[in-house]
Amino acid sequence: MNNSAANTGRVLWAGLRALLVLTVITGVLYPLAVTGIAQVAFPGKADGSEIEVDGKVVGSALIGQTYLDGEAPDLRWFQPRPSNGLGTNSVNTQYELILSGATNRSGDNEDLVQWVTDAKAAVVEDNSVAGYTVEPSDVPADAVTSSGSGLDPHISPAYAKLQVHRVAEKNRLTVAQVDRLVADHTDGRILGFIGEPRVNVLELNIALRELTKG
């Protein structure tokens, strides 16, 4: 009986020591090492890919933002993808970080079809200006659907170019000026073959702000 109790005690003590050692290694030393390496090798990314303007952090290159005039889109600025990844009753309707996710609705879901139809009509109306009419067939998918997270900071070059005439008119710029701005802020595929070309909306709007100041 005593030997059995002693053996049990030794096993429990060995297990406890292993737990403590592994907790220190995997819960303290490893995270500190990874954080330290990241801070040295990739300090900007390690700190959240923050973007600063005039010494003030205005956002992250990894998370989308809205550009509103009250509750309506502020049409002076390039607009991001719809952000209601969890539906219009979600707390994530304005790129808030409490929740993120997709609707998981099928392509023939009536609510999803209505959302896309309404979003397409709004895109056509907002971006049709004097001398330039947007056709429904011109509206790319990312203009009327959210990403899987609902927080995507990028839009397609097609959606950015669709907004050029409206942005130019609202900011009293030429179409050529704004078109060049989009071209300068269009990133190609990663390593030339991964993903799709994309435009970071925050970075593009920062450049637009600088252009209008000039």
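The values are calculated or read from the model by the stated rules, or taken from the named source; none is laboratory data. Bear in mind the structure is a predicted one, so any value in this text is a computation, not a measurement. Glycine also receives a Cβ, built like all others from the backbone with ideal geometry; neighbour counts cover every protein chain displayed.
Assorted remarks:
- For residue 70, the requirement of being within 30 Å of residue 150 (Cβ to Cβ), free of Cβ contacts under 8 Å to residues at least 12 places away in the same chain and more than 17 Å from the chain's Cα centre (by Cα) is met.
- Every condition in (1) crowded, with 18+ Cβ neighbours inside 10 Å; (2) farther than 22 Å from residue 69 by Cβ; (3) of a type in the set (Ser, Thr, Tyr) holds for residue 174 except the one numbered (1).
- Residue match in segment 105-119 (condition: farther than 16 Å from residue 67 by Cβ, touching a Pro at 6+ places or on another chain (Cβ under 6 Å) and without any contact (Cβ under 8 Å) to a residue 12 or more places away in the chain): no
- Some residue of segment 106-116 being outside any helix (DSSP H, G or I), within 22 Å of residue 51 (Cα to Cα) and modelled with pLDDT under 95: no
- Filter pass, residue 75 being in a loop (DSSP other than H, G, I, E, B), among the hydrophobic types (A, V, I, L, M, F, W, C), closer than 28 Å to residue 160 by Cβ and in contact with a Ser or Thr (Cβ under 6 Å, 6 or more places away or on another chain): no
- Considering segment 1-48, the residues that are farther than 22 Å from residue 61 by Cα and hydroxyl-bearing (Ser, Thr, Tyr) include one that is surrounded by the fewest Cβ atoms within 10 Å (Cβ to Cβ), namely 4.
- Yes/no for residue 59 being on the phi > 0 side of the Ramachandran plot and touching a strand residue (DSSP E or B) at 6+ places or on another chain (Cβ under 6 Å): yes
- Flag for residue 152 being in a helix (DSSP H, G or I) and either within 15 Å of residue 75 (Cβ to Cβ) or assigned by TED's automatic domain parsing to the domain that holds residue 66 (or both): no
- Residue in segment 34-42 that is within 19 Å of residue 150 (Cα to Cα) and assigned to a loop (DSSP other than H, G, I, E, B) present: no
- Residue within segment 204-214 that is assigned to a loop (DSSP other than H, G, I, E, B), touching a helix residue (DSSP H, G or I) at 6+ places or on another chain (Cβ under 8 Å), over 23 Å from residue 68 (Cβ atoms) and not acidic (Asp, Glu) present: no
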